[in-house]
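Trainee: Would you mind keeping the following structure in view while I ask a few things?
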Amino acid sequence: MCSLAEKDRPVVQLLLDAGTCPRCVLRFCRVGSQVLYRHPDKELMKELQDFLKKDQEKEDAVGLDAADPPCKRIRLGHREEGPADLNHNGALPQIPSVNDGNAAMDSPAGKVCNVCLGILQDFCEADFVKKVCQKVNSADYQFSSFVFSVSLPPQLSVRERAAWLGLKQEMRNLGLSLAKDDIVQLKEAYKWIIHPRLSEELGVPADGKSLFEVSVIFAHPETDEECHFLATACPDCFKPAKNKQSVFTRMAVIKALEKIKEEDFLKHFPCPPSSPKNLCDALEIQCNNGAVFVAGRYNKYSRNLPQTPWIIDGERKLESSVEELISEHLMAQFKADSFNFSSSGREDVDVRTLGNGRPFAMELVNPRRIHFTAEEMKRLQQAINSSSDKIQVRDLQLVTREAIGRMKEGEEEKTKTYSALIWTDKAIQREDIAFLDGIKELRLEQKTPLRVLHRRPLAVRCRLIHTMSSEYIDQHHFRLHLKTQAGTYIKEFVHGDFGRTKPNIGSLLNRTADILELDVESVDVDWPPPL
């Protein structure tokens, strides 16, 4: 049972006199009844006023019942030593009238709360809930549940501390002390109120694990500078960050409030805080769906197509890429904001990928549409394949974030099969290359190739050529089929890269060799599952 008891009477009266709204009064009295916070503001005010009028000898508590889970608390100060509620005779003290007891009874409706700045007042009402839901519905998202988040102005933490210190001082003046130093968090109380209202209006449940997030960002320009004195008192708490517009973040302010001495706070900030003229502003109402992941395998048939956009110094070198040919269709169908493309390795712009293709995955960020049947995915695959003769995709399917890890794990362990067309400067006969077929598990030492040294660190990598088989064409050309360890630089294995790859085809044949064409014939990663 969460209830207001006789010991709460001076707390209620002092807070109401200071201009605190009924719901913040309940927070400071540590009331954990979720249902109670959902009562209309005016009704709560009347209940608190009736509570103050009651004969304390006949009525030592007003029942405000609800079987709710334990509520989160926010610590505002150090606990008082000794009994909290008893006078020197061991009895509850008489509660003096504050301001003749009239201020609490005559609190004007519509006055902005001096603690929550109106968050637990106007922004709990039906009009604001409808405004949020209109924003959500107009954004045209698919969702079956939602999670609600709220961003509050950091100065609210300063005002909560000021209200508590002011209350503590007044209670001390009355010969009383505060029983506890923790109150119900503002965010939690707000969600208790807003969750069922949003759920009813949207027609779906609130779920803390939902991937669809509705968020509201509040600001209060009138009191923005109220945190600034903390930067002087606790400069170590406020350090510039690249991604933050202001150093006065909520966490920085909370850290400073934990550090600042009580007497220093009282010198710089009025306790209790005064009521502002204006309510908070709801700066933004945002919606965001959790990412959707699509996987498949792609074949690349062009020798003039990079895997990802080829841009050097801001200049595009080729008009398209594998990534763009696939993403164009996925972005349009999922109605996403952006995407992230990944694959099991990559091929050079002039290398084809044949066989069963290369595994890839695409993360679609903040998609409006998330539900696709197997038949719809099949039609999407067909649309990609009919749009270009440079690529084809297969096994297109929805996957989980965790499943993509299997692609990356396989990337380190996989083997790859290649076909290379090789030229030699000196004439060759079939018997000159036949010995290559018998070489197994050939160990290479490859220094980082010159062509990629600008983007990869200089290192010597040991790689294995598992098997090779040669196919004679003419005196200066033959085709070599190779099965290699992942990460082997095939072009460098052929021409030697000025001796940076040892051994190489040139050194094995004792003549100059170069590669004319290269095809990836298989990427041996068993993912995603074939359809």
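The values are calculated or read from the model by the stated rules, or taken from the named source; none is laboratory data. Just so it is clear, the structure is predicted and the values come from calculations on it, not from any experiment. Glycine gets a Cβ as well: all are built from the backbone with ideal geometry, and neighbour counts include every protein chain shown. For the accessible areas, the whole protein counts, side chains as well, though only heavy atoms, and no ligand, DNA or RNA atoms are used. Shrake-Rupley method; radii C 1.70, N 1.55, O 1.52, S 1.80 Å.
Trainee: Could you say whether any residue in segment 119-134 is basic (Lys, Arg) and at pLDDT 95 or above? Explain how you work it out, then say what you get.
Mentor: So in segment 119-134, the residues basic (Lys, Arg) come out as 130-131.
Next, only the ones that are at pLDDT 95 or above stay: 130-131.
Taking every residue of segment 119-134 in turn, at least one turns out to be basic (Lys, Arg) and at pLDDT 95 or above.
Trainee: Applying the selection to segment 379-398, what residues are in contact (Cβ under 8 Å) with a residue 40 or more places away in the chain, outside any loop (DSSP other than H, G, I, E, B), open to solvent by 30 Å² or more (accessible area, probe 1.4 Å) and not small (Gly, Ala, Ser)?
Mentor: Scanning segment 379-398 gives 381, 392, 394, 398.
Trainee: Could you list, in sequence order, the residues of segment 331-353 that are outside any strand (DSSP E or B), under 16 Å from residue 299 (Cβ atoms) and either in contact (Cβ under 8 Å) with a residue 40 or more places away in the chain or open to solvent by less than 40 Å² (accessible area, probe 1.4 Å) (or both)? Working first, answer last.
Mentor: Applying the first criterion (outside any strand (DSSP E or B)) to segment 331-353 yields 331-337, 344-351.
Of the ones still in play, those that are also under 16 Å from residue 299 (Cβ atoms) are 344-351.
Of everything in segment 331-353, those that are outside any strand (DSSP E or B), under 16 Å from residue 299 (Cβ atoms) and either in contact (Cβ under 8 Å) with a residue 40 or more places away in the chain or open to solvent by less than 40 Å² (accessible area, probe 1.4 Å) (or both) turn out to be 344, 345, 347, 348, 349, 350, 351.
Trainee: Within segment 481-496, how many residues are within 18 Å of residue 352 (Cβ to Cβ) and without any contact (Cβ under 8 Å) to a residue 40 or more places away in the chain?
Mentor: So the answer is 0.
Trainee: Does residue 147 satisfy the condition of being within 20 Å of the chain's Cα centre (by Cα) and open to solvent by 30 Å² or more (accessible area, probe 1.4 Å)? Break it down into steps so the answer makes sense when it comes.
Mentor: Numbers: within 20 Å of the chain's Cα centre (by Cα): yes; open to solvent by 30 Å² or more (accessible area, probe 1.4 Å): yes.
In short, yes.
Trainee: Follow-up question, since we're still on this one. If we scan segment 403-416, do we find a residue that is open to solvent by less than 90 Å² (accessible area, probe 1.4 Å), of a type in the set (Asp, Glu) and under 23 Å from residue 502 (Cβ atoms)?
Mentor: So far as segment 403-416 goes, no, none of its residues is open to solvent by less than 90 Å² (accessible area, probe 1.4 Å), of a type in the set (Asp, Glu) and under 23 Å from residue 502 (Cβ atoms).
Trainee: Looking at segment 469-480, I want the residues that are of a type in the set (A, V, I, L, M) and have a partner that is in a strand (DSSP E or B) and modelled with pLDDT of 95 or more with Cβ atoms under 7 Å, at least 6 apart or on another chain. Which pairs are those?
Mentor: Sorted first by the residue in segment 469-480, then by its partner, the pairs are 473/479; 480/420; 480/422; 480/468; 480/470.
Trainee: So which residues in segment 344-387 are of a type in the set (Ser, Thr, Tyr) and either more than 18 Å from residue 397 (Cα to Cα) or at pLDDT 95 or above (or both)?
Mentor: Of everything in segment 344-387, those that are of a type in the set (Ser, Thr, Tyr) and either more than 18 Å from residue 397 (Cα to Cα) or at pLDDT 95 or above (or both) turn out to be 353, 373, 386, 387.
Trainee: Output the residues belonging to segment 280-333 that are closer than 23 Å to residue 344 by Cα and in contact with a His (Cβ under 8 Å, 6 or more places away or on another chain).
Mentor: Those that are closer than 23 Å to residue 344 by Cα and in contact with a His (Cβ under 8 Å, 6 or more places away or on another chain): none in segment 280-333.
Trainee: Kindly indicate which of 448, 400, 467, 484 is within 30 Å of residue 376 (Cα to Cα) and of a type in the set (Val, Ile, Thr).
Mentor: On the way: 448 fails: within 30 Å of residue 376 (Cα to Cα); 467 fails: within 30 Å of residue 376 (Cα to Cα); 484 fails: within 30 Å of residue 376 (Cα to Cα).
None of the others qualify; the one that does is 400.
Residue-by-condition table, conditions (1) open to solvent by 10 Å² or more (accessible area, probe 1.4 Å); (2) at pLDDT below 95; (3) in contact with a Pro (Cβ under 6 Å, 6 or more places away or on another chain):
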{"site": "224", "(1), (2), (3)": "yes, yes, no"}
{"site": "235", "(1), (2), (3)": "yes, yes, no"}
{"site": "242", "(1), (2), (3)": "yes, yes, no"}
{"site": "248", "(1), (2), (3)": "yes, yes, yes"}
{"site": "258", "(1), (2), (3)": "yes, yes, no"}
{"site": "276", "(1), (2), (3)": "yes, no, no"}
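Trainee: Let me ask something else about it. Scan segment 198-222 residue by residue and report those that are without any contact (Cβ under 8 Å) to a residue 12 or more places away in the chain and open to solvent by 70 Å² or more (accessible area, probe 1.4 Å).
Mentor: Correct list: 200 only.
Trainee: Quick check: anything in segment 354-376 under 30 Å from residue 224 (Cα atoms), touching a helix residue (DSSP H, G or I) at 6+ places or on another chain (Cβ under 7 Å) and in a strand (DSSP E or B)? Give the derivation first.
Mentor: Applying the first criterion (under 30 Å from residue 224 (Cα atoms)) to segment 354-376 yields none.
No; the residues of segment 354-376 include none that is under 30 Å from residue 224 (Cα atoms), touching a helix residue (DSSP H, G or I) at 6+ places or on another chain (Cβ under 7 Å) and in a strand (DSSP E or B).
Trainee: So the check is Cβ under 9 Å with 6+ separation or different chains; which pairs have a first residue in segment 301-316 that's assigned by the TED database to the domain that holds residue 343 and a second one that's open to solvent by 90 Å² or more (accessible area, probe 1.4 Å) and assigned to a strand (DSSP E or B)?
Mentor: Listed by first residue and then by second, the contacts come to 309/316; 310/316.
Trainee: Among the numbered criteria (1) of a type in the set (A, V, I, L, M, F, W, C); (2) buried (at least 21 other Cβ atoms within 10 Å of the Cβ); (3) over 23 Å from the mean Cα position of the chain (by Cα), which single criterion is violated by residue 174?
Mentor: It fails just one condition, (2).
Trainee: Please work out which residue is surrounded by the fewest Cβ atoms within 10 Å (Cβ to Cβ), limiting yourself to segment 288-304 and to residues that are farther than 30 Å from residue 136 by Cα and in contact with an Asp or Glu (Cβ under 9 Å, 6 or more places away or on another chain).
Mentor: Here the residue is 304.
Trainee: Could you run through segment 473-515 and say how many residues are open to solvent by less than 50 Å² (accessible area, probe 1.4 Å), of a type in the set (S, T, N, Q) and within 15 Å of residue 424 (Cβ to Cβ)?
Mentor: Counting residues in segment 473-515 that are open to solvent by less than 50 Å² (accessible area, probe 1.4 Å), of a type in the set (S, T, N, Q) and within 15 Å of residue 424 (Cβ to Cβ) gives 1.
Trainee: Tell me which helices (runs of 4 or more DSSP H) are completely within segment 195-288 and hold 2 or more residues being charged (D, E, K, R) and at negative phi, or say none if there are none.
Mentor: 250-259, 262-268
Trainee: I would also like to ask the following. If the requirement is being touching a strand residue (DSSP E or B) at 6+ places or on another chain (Cβ under 6 Å) and at positive phi, which of these qualifies: 395, 437?
Mentor: Criteria check complete, one pass: 395.
Trainee: Take residue 214 and decide whether it is modelled with pLDDT of 95 or more and in contact with a Phe, Trp or Tyr (Cβ under 7 Å, 6 or more places away or on another chain).
Mentor: Against the criterion (modelled with pLDDT of 95 or more and in contact with a Phe, Trp or Tyr (Cβ under 7 Å, 6 or more places away or on another chain)), residue 214 qualifies.
Trainee: Taking the criterion of being open to solvent by 40 Å² or more (accessible area, probe 1.4 Å), more than 26 Å from the chain's Cα centre (by Cα), assigned by the TED database to the domain that holds residue 34 and modelled with pLDDT under 95, would at least one residue in segment 160-169 satisfy it?
Mentor: Looking for residues that are open to solvent by 40 Å² or more (accessible area, probe 1.4 Å), more than 26 Å from the chain's Cα centre (by Cα), assigned by the TED database to the domain that holds residue 34 and modelled with pLDDT under 95, one finds at least one in segment 160-169, hence yes.
Trainee: Filter segment 302-330 down to the residues that are farther than 30 Å from residue 290 by Cα and either part of a loop (DSSP other than H, G, I, E, B) or polar (S, T, N, Q) (or both) and list them by number.
Mentor: 302, 303, 304, 305, 313, 314, 317, 318, 319
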